[in-house]
1. So residue 66 ticks every box in (1) part of a helix (DSSP H, G or I); (2) touching a strand residue (DSSP E or B) at 6+ places or on another chain (Cβ under 9 Å); (3) not aliphatic (A, V, I, L, M) but one. Which box is left unticked?
2. Enumerate the pairs (first residue in the range 21-42 and near the ligand (Cβ under 9 Å from one of its atoms); second residue anywhere and β-branched (Val, Ile, Thr)) with beta-carbon separation below 6 Å, excluding pairs fewer than 6 apart on the same chain, so at least 6 apart or on different chains.
3. Can residue 114 be described as in contact (Cβ under 8 Å) with a residue 24 or more places away in the chain, within 11 Å of the ligand (Cβ to nearest atom), within 19 Å of residue 155 (Cβ to Cβ) and assigned to a loop (DSSP other than H, G, I, E, B)?
4. Tally up the residues in the range 112-132 that are surrounded by fewer than 19 Cβ atoms within 10 Å (Cβ to Cβ) and touching a helix residue (DSSP H, G or I) at 6+ places or on another chain (Cβ under 9 Å), please.
5. Could we say that residue 73 is modelled with pLDDT of 95 or more, of a type in the set (Phe, Trp, Tyr) and assigned to a helix (DSSP H, G or I) here?
6. So if I check each of 143, 119, which one is touching a residue at least 40 places away in the same chain (Cβ under 8 Å), on the phi < 0 side of the Ramachandran plot and more than 18 Å from the chain's Cα centre (by Cα)?
7. Kindly evaluate residue 21 against the criterion of being modelled with pLDDT under 95, charged (D, E, K, R), out of contact with any Cys (no Cβ under 6 Å at 6 or more places or on another chain) and surrounded by 15 or more Cβ atoms within 10 Å (Cβ to Cβ).
8. Suppose we filter the range 117-149 for residues that are within 11 Å of the ligand (Cβ to nearest atom) and among the hydroxyl-bearing types (Ser, Thr, Tyr); how many remain?
Amino acid sequence: MDPTQALKSDVVPATASAYLDRHYWDQRFAQEEHYEWFKDYSHFRDLILQYIKPSSSVLEIGCGNSQLCEELYGDGITELTCIDLSPVAVEKMKERLSSKGYKEIQVLEADMLDLPFEDECFDVVIEKGTMDVLFVDSGDPWDPEPVTVSKVMAMLEGVHRVLKPDGIFISITFGQPHFRRRFFSAPTFTWSVECRTFGDGFHYFFYILKKGERSSDNIELTENIDVPSINLFHDELDNEDYLFRIQIGDM
Ligand SMILES: C[S@@+](CC[C@H](N)C(=O)[O-])C[C@H]1O[C@@H](n2cnc3c(N)ncnc32)[C@H](O)[C@@H]1O
């Protein structure tokens with residue numbers, strides 16, 4: 001058997017709710033060195049570089065064992081802080097970055113539902129596949145469980161708080177606009193909301209939320225997108241993780 005396949009089946013949980021459990025992530029990261037959720041940087045590099053300057057201070061939420069921060073660093077964005085709930089992910093990320101000489105990147109154990117940062121301290125906050133974890137037990141995606149709603153709102157309120165007045169939140173996800181709108185466009189937030197897509201066949205969503213740019217005529221999600229109908233049996237899904245398959249099946 002292909003050793004990669006053996007490792008993959010070892011880390012896929014029995015139920016999707018495991019993704020909400022820190023111990024699941026600890027066990028997974030203890031044995032898995034690198035896994036890139038959705039797509040790697042090369043697929044959205046051109047998009048992301050439109051919104052991040054080399055001088056930007058950037059917070060990545062739920063870094064896992066992704067190479068996103070290294071790729072950003074390679075593109076000259078050096079003021080980077082990564083957080084993850086899993087202490088195993090954090091320790092392994094620290095070791096990896098240190099061994100590669102990326103000593104300026106800060107890596108901290110922290111909960112995205114209770115961000116340990118001062119108000120208005122980051123130019124950009126990025127998450128890739130991390131907010132999706134909060135939706136694994138959400139019930140009806142059109143009417144998520146109250147516990148899901150309160151967690152997602154806690155996360156977004158924290159992100160909004162730590163962003164500078166003109167800061168940008170970038171959310172990379174398979175969560176479609178009709179399921180994200182109620183959260184991103186909640187009245188408490190001052191950000192404008194735009195959605196772009198990337199990927200061949202199945203499209204991933206790249207949301208850009210610009211703090212301080214919401215106006216009365218900009219309260220709806222701007223869907224600058226051309227979303228194809230989803231083929232649940234698209235080949236690409238075979239290479240994705242269980243979280244991804246569960247969510248697509250739920251929609
Ligand atoms: C689906 S993975 C995405 C990892 C990475 N961003 C990527 O693109 O490959 C979700 C990550 O979020 C982390 N995570 C889960 N709940 C979290 C929380 N409450 N606060 C911070 N990180 C969390 C997990 O440990 C895991 O690393």
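The values are calculated or read from the model by the stated rules, or taken from the named source; none is laboratory data. For clarity, every value in this text was computed on a predicted model and none was experimentally measured. Note that each Cβ is placed from the backbone with ideal geometry, even for glycine, and that neighbours are counted across all protein chains shown.
1. Tallying (1) part of a helix (DSSP H, G or I); (2) touching a strand residue (DSSP E or B) at 6+ places or on another chain (Cβ under 9 Å); (3) not aliphatic (A, V, I, L, M), residue 66 fails exactly one: (1).
2. 26/88; 28/11; 29/88
3. yes
4. Looking only at that region, the number is 7.
5. So residue 73 passes the test.
6. On inspection, the qualifying residue turns out to be 119.
7. Taking the combined requirement at face value, the residue does not satisfy it.
8. Within the range 117-149, residues that are within 11 Å of the ligand (Cβ to nearest atom) and among the hydroxyl-bearing types (Ser, Thr, Tyr) number 1.
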